[in-house]
Amino acid sequence: MRFIIAVVVVVLAAVMVALGFAQRTVFAPPSSVSSSVSTSSSEATVTVVPASALHGHEGRQAVSVDGADTVFAATGRTSDVLGWVGDADYNLVEWDADAGELVSRTVSGDETTVPDPAESDLWYDQYTGSPLTFSLDAPDEVSLLVVSDGTAAAPSDITVTWPLSTATPAAGPLIVGGLVVLLIGVLLYVWAILHHRRTRGPRRTSSDGSRPKLPRPPRRRALKAGTPASIDAPQGGSGPRRGRARRSVAVLPVLLVGSLALAGCSSDYWPAPAEGADASATATPTPTSTEGADDAEAPSVQPPVVTQAQAARIVERISAVASQADGALDATLAETRFTGPALQQRQAAYVIRAKDAAAAGPLAIPAGDVTLTLPQQSDTWPRTVFVVVQDADATKAPVALTLLQETARDPYRVEYAQSLEAQATLPTVAPASVGAARLAPDVKLLTLRPDQLAEAYGDILRNGDESQWAPQFQSEGDTLREKIGKAYKDGKRAALPTTASIDFTSTPVEDEAVAFATNDAGALVSVALNEVETVKPTAAGASVEPQGVVKSLLGLDTSTKGIEATYGVQLLFQVPPVGSDDKIVLLGFSQALINAKELP
């Protein structure tokens, strides 16, 4: 009977171990689940897959796109993606929770085609290829854009695959439990053998039912020294000890197999611990709301228009275009990445350099590290970004750029570009992940309104310390005053012959001042100013002769009417908040001739 029980236990153990391994092999769950959708019945040139569809199942998404000769896909903030799509027809892929699959419907618009989406500044990531396969882990606010070439129908076949949990919580307990039961079965079997050996042989009883006493075996005499022991004689009772050793050795392999099984089982083999079951874990206090606070009434903060990675990529693209346009003196190419005062300086510089190769070029846009990124908080257009770029050559001054994107389909263009002063210290601003508000040009929360800065500083350049605005501006470290300030103008006026006169005026440009809020309630403000020098002959028969870059841009050797030269000046200021005793500081500037003409 003991043998039968041992065999049954061993068989039960084998079944348990087999079932445990079957959980990881034959009965193993699938490692992923997929859902496909087709838009072949639609002629829309764009397909949008929002995060809600990408999150049909949990886990990282593997996306496959096919069905067109050209396949382009990009991820971006949902508001940016829809802003780029605009009024175009598009396929909207959604998740049908009831059917557990992706479905598509067409959203009608007024446009049947879209521009080429490649290299748009809106995208977080972009992918090309046919067929196209990539993976992503899309946040809730991100959508996927799928386009062919903007004129053909969007790629028709989209498949999204999600990973599934391959955990088999019963496998570990079955395997380990089976090994334990196997160990018990082996011990039962050994016990049965020992019992059988103890009870084997005939059993005789006397007539009265009692067992007869067996004669006591003769006592062995101790062997004398030097007497050889009999080969058959057991020595010191070593026989029983060997039996126990053999039984121990028989059990060791079972324990060894169990240990290896335990070591090889990952967490997928075991039931997940109940949430909060770990008593050793440190409890995290839950913050309570302030009494009387109403979260519903808290003002919503708009997201930053770009990420830090986007800003770095945008600057890299701008730098590449600037380098190419500057080398080829291609104003048309420059227009793709420059606008406003920054474009004016380059257009004039190209004309000048075409006539005089030795003339200085425009302010270069370095391809170095973006050391500061301050995006506007906005989800509409136009939108702006302020960045500071450090040249790979550390001896060169960093360059501050104010970038403007007019519409969702436009690239970011440089509106203002200033070289920072040597002693400039930028104020503390919000991180790129938060961004900053763009202040209105006429905001009254600063010591001087942004739209008054250019006019006030122009007056200081003409009148120096006698200007009514001079007490509000810091003069220390302002090298622009040394270059084109009152002393420069007085010296130039004195150097003219008595047969000519010179007049200096300044006017703010039409481009709006761009002001970003800083952490101290002040602002970083970029403005532009046009400095105009007008030289006229004052005697009959007298003439004026343009010099240097003015001559190159004007194309005249002499004029009896007079010459007007306009210099564009781009300025970056740190403006303190209203009520502060701090002064307005010039952080950087760029100055170059932008126009020259003969007076009528």
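What follows is calculated from the coordinates using simple rules that are stated; it is not laboratory data. Model, not experiment: these values are computed from the prediction. No Cβ is skipped: glycine too gets one built from the backbone with ideal geometry, and neighbour counts run over all protein chains shown.
Could you give the length gained by full extension between Ile4 and Ala540, i.e. 0.36 nm per residue of separation minus their alpha carbon distance, to one decimal place?
179.4 nm
In nanometres, what is the gap between the two model label sites at Thr371 and Ala394, each 7 Å from Cα along Cα-to-Cβ?
1.0
When ranked by the protection proxy of mean other Cβ atoms within 10 Å per residue, highest first, what sequence do the peptides 560-566, 36-42 form?
Those peptides, ordered most packed to least, come out 560-566, 36-42.
How do 417-425, 109-117, 379-387, 478-486 rank on mean C-beta neighbours within 10 Å, highest first?
379-387, 417-425, 478-486, 109-117
Would you mind counting up the charge near Thr78? Only other residues with Cβ under 11 Å from its Cβ, with Lys and Arg at +1 and Asp and Glu at -1.
Here the charged neighbours net out to -3.
Chymotrypsin sites (Phe, Trp or Tyr not before Pro), restricted to region 21-103: which are DSSP loop and have at most 14 other Cβ atoms within 10 Å?
Answer in residue order: Phe27.
Determine which lysines satisfy two conditions relative to Lys536: a Cα distance under 26 Å, and not lying fewer than 8 residues away in the same chain.
Answer for Lys536, where 26 Å is the Cα cut-off: Lys355, Lys483, Lys486, Lys489, Lys492, Lys551, Lys561, Lys597, listed by chain and number.
Tell me the trypsin sites (Lys or Arg not before Pro) within region 7-113 that lie in a loop according to DSSP and have at most 16 other beta-carbon atoms within 10 Å.
Here the trypsin sites (Lys or Arg not before Pro) that fit, given the DSSP loop and packing criteria, are Arg60.
Give a residue-ordered list of calculated ³J(HN,Hα) values for region 348-360 (Karplus: 6.51 cos²θ - 1.76 cosθ + 1.60, θ = phi - 60°; whole Hz; x for Gly, Pro).
3J(HN,Hα) across region 348-360, in whole Hz: 5, 5, 5, 5, 5, 6, 5, 9, 9, 5, 7, 5, 5.
Quick one: putting +1 on the C-beta of Lys and Arg, -1 on the C-beta of Asp and Glu, what dipole do you get for region 1-117 around its Cα centre, in Debye to the nearest 20?
The dipole of region 1-117 has a size of about 1320 debye.
Between Ser475 and Asp356, how high is the FRET efficiency from 1/(1 + (r/R0)^6) when r is the Cβ-Cβ distance and R₀ = 56 Å? Nearest 0.05.
After rounding to 0.05, the efficiency reads 0.95.
Using amide H atoms built 1.01 Å from N in the peptide plane, name the residues 5+ places from Val46, or on other chains, whose amide H lies under 5 Å from its own.
Long-range HN contacts for Val46: Asn91, Ala154.
Can you run phi through the Karplus equation (6.51, -1.76, 1.60; θ = phi - 60°) for region 588-600 and list ³J(HN,Hα) in whole Hz, with x for Gly and Pro?
Calculated HN-Hα couplings, in order: x, 6, 9, 9, 7, 5, 10, 7, 8, 8, 8, 5, x Hz.
Mind giving me the FRET efficiency for Glu101 and Val301? R0 is 35 Å, r the Cβ-Cβ distance, nearest 0.05 is fine.
0.45
Skipping prolines and chain starts, which residues have an amide H placed within reach, meaning under 5 Å, of the one on Glu111, given they are 5 or more residues away or on another chain?
The answer is Ala88, Asp89.
Using the Cα centre of region 301-456 as the reference point, and only Cβ charges (+1 on K/R, -1 on D/E), how large is the resulting charge dipole? Debye, rounded to the nearest 20.
Here region 301-456 has a charge dipole of around 160 debye.
What net charge is computed for the residues neighbouring Pro366, neighbours being all others with C-beta under 12 Å from the C-beta of Pro366, Lys and Arg scored +1, Asp and Glu -1?
-3
If I stretch the segment between Arg60 and Val532 completely, what's the gain in nm (0.36 nm per residue apart, minus their alpha carbon distance), one decimal?
Stretched fully, the Arg60-Val532 segment lengthens by 163.9 nm.
Give me, ordered by chain and number, the residues 5 or more places off Gly435 or on other chains with an amide H under 5 Å from its own placed amide H.
none
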